[in-house]
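Here's the structure, in structure tokens; my notes come after.
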Amino acid sequence: MIRKLCLLFISLVLTVGAVGQKPVRTDALESNLRKHVQYLASDQLEGRKTGEVGATTAAGYVANQFAQFKLKPGIKTAKGRGNFLQAFPYVAGVTVGEGSFLRLIPADATRESKLELGITYTPFANSINGEVANAPLVFAGFGIATPDKRLDDYAGLDVNGKVVLAFNGVPEGNGPRSEFSGVSVQMMANIAKERGARGLVLIAQTDDFKTDPLTKFAYDPGFGETSIPVVIIDRSIAADLLGVKNVKEVNEIEKWLRMKGNAPPYIQIRPSNLPAVTAQLKVELNKKTVDAYNVIGIIEGNDPTLKNDAIVIGAHYDHLGRGGRSSLSPGSSDIHHGADDNASGTAAIIELARQFAKEKKNKRTLIFMAFGGEEEGLLGSKHYVNNPVWPLDKTVAMINLDMVGRLTQDASQIADRATGGMTIVSPGKLSVGGIGTANEWKSLVEKENSMVTIGLGDSIAGPNTSLSVPFFNLQLNEDGFGPSDHSSFYSKQIPVLFFFTGSHLDYHKPSDTFEKINYEGLTKITNYVAAIAKSVDENPTRPTYKVAQSSAMGGRAQFNVSLGTIPAYGETNDGLGIDGVRDGSPAAKAGLKGGDKIIKLAGKDVRNISDYMYALGVMKAGEEYEVVVKRGAETLTLKIVPAPAAARR
């Protein structure tokens, strides 16, 4: 009987909201959260990719919820009407201009292969516009050269003023553990340009041209344009250019290049024995810009003084659509549902808005915000902090929920003298970031995670032994920067908190579906965040902003050095903006500041994130380099000494 009562008590304890708040009825809240996630992650919304119909429909859904709760619209139209939608520009794609063409002319012009746009060749969607009148074509394997010279496909080649032909891929394949996994088309173009090439022709990865990832013509605003014109050709065309009989022999060439072994004589490729070919090409792409949206709803404060302060509670609603560069299911065009990422967080802020709007007891003004464009580089939150609806100096905190739907719990055994042992389900792990961005955060999140005491009766540990059970196993992180929208607010010196239940095998895959969400856990987190928001709201003293300690991100490092910049990952081709600089980092010591735009680094031009990553890849720790930045109307040349990157795990 004691054991059964204990288990029942534990079960009840772990399903209620946090101490310090009156939780919403668990069954009603959980039902609402399930309804929101199921709709947002449905096939109907097709993955909610920014700029597409599904994302706009999702924004409309959130706006309708805010309207039902009678939140005040955050935006005023030109005619003075209220609107929940804050529009920001987004490059949704590109179209091929009529001037685009490609000709690959062999010395025997009668053998010229006919090239058809979309059938046997296509411009790379992120190619720079440009034209090459007449230039020799030179084959360069995979078109890769590493800074340490361990691999140099350009060794012995003169490509100055020429067009490079290369396989689109990397020697070790595209697996995540490959040392070349970070090599992009933009990086390959930079390598070719640095050696004087005027254009790059890539051989498609698949035998069926139409199924090749690059021929889907998906523009990626996060990586920016290439430095020279780039086109992709069908493998049947590559066979003629490489002087072999068919696609099968092209595949053999690629295989032996990967193996770095001695290929059979008939497929040994040397520049001297390749057919002479002249390239003529022009890439003309037109960008299509559409409106994307943040959704903003406001509950005005009731306190005469504190109502002038605001607390932002936000989550991003967008996801990956049908895949793309960020997908972890390479080549998949299935709907990436994004139930955890981030229908879970969006559902939570909808229900938080419902709860606070019903109570109407908030002293400070509460701003509920669903961001667009997070997956593309925090575009929506960056737009907001540069175009706020509430003064940033009156914004006392930002609370961000991103991927809060997979709370996990572990079972543990506690021995009991009378029963021989009992199973307790331990609290789920909940990560809370930004703890170091305000002096008050650590004590607050721990207080609202109040532990309850459970009597175990006469156990082997002694009579009347008790067990303290917290609501969550908190994993606290100091850093205010991170891969989600709170980073945009922290860069403006606003204290932030970031809630996250961890990554999983379905992350950025079509399999992140609504039935895999832990709705009981999501309910607990929603109530927990409500308690924290109420505590911040009711405290007459605003959180005290401070500079947080940085923390290394987990996973395999892509570079050997670290500068400590927080790059702006949005679409740009006139320099790489910096959202922030980590305190005490090489960038801070060099004098770089948030808002600067890097236009040159280590002697290399920087127009976008791809150029920046390429320059970073050739830098060495402890050596001094020049970095040229635009700061307003000024152009500054600074000196920077990179630090070693965090050890790879």
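Just a few scattered comments:
- Here ILE119 clears all of (1) in contact with a helix residue (DSSP H, G or I) (Cβ under 8 Å, 6 or more places away or on another chain); (2) surrounded by fewer than 18 Cβ atoms within 10 Å (Cβ to Cβ); (3) hydrophobic (A, V, I, L, M, F, W, C); (4) not in a loop (DSSP other than H, G, I, E, B) except the condition numbered (4).
- Checking each residue in the stretch 375-386 for being closer than 12 Å to PHE489 by Cα and part of a loop (DSSP other than H, G, I, E, B) picks out only LEU378.
- Restricting the stretch 253-264 to residues that are among the charged types (D, E, K, R) and either surrounded by 16 or more Cβ atoms within 10 Å (Cβ to Cβ) or modelled with pLDDT under 80 (or both) leaves a set whose member that is nearest to PHE167 (Cα to Cα) is GLU254.
- Test: residue in the stretch 502-517 that is surrounded by fewer than 23 Cβ atoms within 10 Å (Cβ to Cβ) and under 23 Å from MET398 (Cβ atoms): yes
- Members of the stretch 619-649 that are β-branched (Val, Ile, Thr) and buried (at least 20 other Cβ atoms within 10 Å of the Cβ): VAL627, VAL629, ILE640
- Tabulated pairs, the stretch 116-143, first within 18 Å of PHE167 (Cβ to Cβ), second modelled with pLDDT of 95 or more and basic (Lys, Arg), C-beta under 6 angstrom, 6+ apart or interchain: VAL138/LYS162
- The C-beta contact set for the stretch 426-450 (first residue in the same structural domain as LYS524 (by TED's automatic domain parsing) and over 13 Å from LEU407 (Cβ atoms), second residue surrounded by 19 or more Cβ atoms within 10 Å (Cβ to Cβ) and among the hydrophobic types (A, V, I, L, M, F, W, C), distance under 9 angstrom, 6+ apart or interchain) is empty.
- Filter result for ASP240 (at pLDDT below 90, under 28 Å from the mean Cα position of the chain (by Cα) and of a type outside the set (Val, Ile, Thr)): no
- One residue from VAL19, VAL37 being at pLDDT below 85 and either assigned by TED's automatic domain parsing to the domain that holds GLU131 or not acidic (Asp, Glu) (or both): VAL19
- Condition check for ALA552: at pLDDT below 85, surrounded by fewer than 16 Cβ atoms within 10 Å (Cβ to Cβ) and not assigned by TED's automatic domain parsing to the domain that holds PRO495: yes
- Selected residue (criterion: modelled with the lowest pLDDT) from residues of the stretch 525-549 that are part of a loop (DSSP other than H, G, I, E, B) and among the charged types (D, E, K, R): LYS546
- Filtering the stretch 42-56 for residues that are within 28 Å of the chain's Cα centre (by Cα), among the small types (Gly, Ala, Ser), modelled with pLDDT of 95 or more and part of a helix (DSSP H, G or I) leaves a non-empty set.
- Some residue of the stretch 428-444 being modelled with pLDDT of 95 or more and among the charged types (D, E, K, R): yes
The values are calculated or read from the model by the stated rules, or taken from the named source; none is laboratory data. Predicted model only: the values in this text are computed from it and were never measured. Ideal geometry is used to build each Cβ from the backbone, glycine not excepted, and the neighbour counts take in all protein chains shown.
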